[in-house]
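In what follows, a single structure is set out as structure tokens and then discussed.
The values are calculated or read from the model by the stated rules, or taken from the named source; none is laboratory data. Keep in mind it's a predicted model, so treat the numbers as computed, not measured. Reconstructed Cβ throughout: ideal geometry from the backbone, glycine too, with neighbour counts over all protein chains shown.
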């Protein structure tokens, strides 16, 4: 399966020796998952493709669409 550049949101993850998981966004630490959250993340990410894993990490770190983008576009400050 090919991935497009649009699928890459810049997230990577690494499982540490102690079982915790580091989620990085463009190389900077964005979140650390420990205990049950880490094990659930590892189980879930193994069954996902690249694009789905990127979306999962975006949701976990809070770096995800918040639902107000449409309203922000209509704000007078953001109009041309």
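Considering segment 1-12, the residues that are touching a helix residue (DSSP H, G or I) at 6+ places or on another chain (Cβ under 6 Å) and more than 15 Å from residue 61 (Cβ to Cβ) include one that is surrounded by the most Cβ atoms within 10 Å (Cβ to Cβ), namely 7.
Within segment 36-80, if we keep just the residues that are modelled with pLDDT under 80 and surrounded by 10 or more Cβ atoms within 10 Å (Cβ to Cβ), the residue that is farthest from residue 11 (Cα to Cα) turns out to be 72. Condition first: in a helix (DSSP H, G or I), surrounded by 10 or more Cβ atoms within 10 Å (Cβ to Cβ) and at pLDDT below 95. Can you find one or more residues in segment 13-35 that meet it? The answer is no; no qualifying residue exists. Restricting 9, 48 to residues that are assigned to a loop (DSSP other than H, G, I, E, B) and touching a residue at least 40 places away in the same chain (Cβ under 8 Å) narrows the list to 9.
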